[in-house]
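A.B. asks: One structure, pasted below without further comment.
Every read-out reported here was derived from the displayed coordinates using simple, explicitly stated rules and does not represent laboratory data. All of these numbers come straight from a predicted model, not from anything done at the bench. Here the Cβ positions follow ideal geometry from the backbone for every residue, glycine too, while neighbour counts run over all protein chains shown.
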């Protein structure tokens, strides 16, 4: 994990990587829990028998499940010591170039795109690229917008 002492230190890191996360296993229990939470029970995600006959030969994670992992992956990639609170502010762009088959491992790579000072903190735009172990293309590429506030 990459550590930064002060949020203000990131102003000089625009265009540079902030860190990469640990690997995370995507198992069927996680996929099923996401389907239950969102009501998206499409067979390609939750029916292993039907999915075995489908285009990927097994179930795959929902694209929005992959996107929802960004905060967890952020948490193992980098930390800013003087930040006491962070808020998701939005997304500028999201793409899902590659599926995440059940049993795959993913990790996130994060590059700071912009840093805008705010009273008591800053707004960060971070490009999040979620890699699938062994795949040529990423599973998700998203521009995340968050607001971080110092303690």
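A.B. asks: Restricted to segment 72-85, and to residues that are crowded, with 16+ Cβ neighbours inside 10 Å and touching a strand residue (DSSP E or B) at 6+ places or on another chain (Cβ under 7 Å), which residue is nearest to residue 4 (Cα to Cα)?
C.D. replies: 80
A.B. asks: Kindly indicate the residue of segment 103-151 that is touching a strand residue (DSSP E or B) at 6+ places or on another chain (Cβ under 8 Å) and outside any strand (DSSP E or B) and also farthest from residue 11 (Cα to Cα) among those meeting that condition.
C.D. replies: Looking at residues that are touching a strand residue (DSSP E or B) at 6+ places or on another chain (Cβ under 8 Å) and outside any strand (DSSP E or B), I get 103.
A.B. asks: Can I ask one more? Sort through 90, 54, 39, 19 and tell me the only one that's at positive phi and more than 14 Å from the chain's Cα centre (by Cα).
C.D. replies: Step by step, each of 90, 54, 39, 19 is checked, and only 39 is at positive phi and more than 14 Å from the chain's Cα centre (by Cα).
A.B. asks: Next up: So which residues in segment 43-71 are assigned to a loop (DSSP other than H, G, I, E, B) and either in contact with a strand residue (DSSP E or B) (Cβ under 9 Å, 6 or more places away or on another chain) or in contact (Cβ under 8 Å) with a residue 12 or more places away in the chain (or both), if there are any at all?
C.D. replies: Matches in segment 43-71: 47, 54, 56, 57, 58, 59, 61, 62, 69.
A.B. asks: I've got another one for you. Would you please name the residue that is surrounded by the fewest Cβ atoms within 10 Å (Cβ to Cβ), looking only at residues in segment 103-121 that are on the phi < 0 side of the Ramachandran plot and free of Cβ contacts under 8 Å to residues at least 40 places away in the same chain?
C.D. replies: Result: 119.
A.B. asks: Among 66, 59, which is under 14 Å from the mean Cα position of the chain (by Cα), surrounded by 20 or more Cβ atoms within 10 Å (Cβ to Cβ) and over 25 Å from residue 12 (Cα atoms)?
C.D. replies: Every option except 66 fails the conditions.
A.B. asks: Hey, another quick one. Take segment 72-99 and flag every residue that is under 15 Å from residue 132 (Cβ atoms) and not in a helix (DSSP H, G or I).
C.D. replies: Of everything in segment 72-99, those that are under 15 Å from residue 132 (Cβ atoms) and not in a helix (DSSP H, G or I) turn out to be 95, 96, 97, 98, 99.
A.B. asks: Here's a follow-up. Can you confirm whether residue 97 is under 14 Å from residue 140 (Cα atoms), under 13 Å from the mean Cα position of the chain (by Cα) and surrounded by fewer than 19 Cβ atoms within 10 Å (Cβ to Cβ)?
C.D. replies: No; evaluated as a whole, the condition is false for this residue.
A.B. asks: Just to be sure I understand, how many residues within segment 1-13 are surrounded by 14 or more Cβ atoms within 10 Å (Cβ to Cβ) and either outside any helix (DSSP H, G or I) or touching a helix residue (DSSP H, G or I) at 6+ places or on another chain (Cβ under 9 Å) (or both)?
C.D. replies: 1
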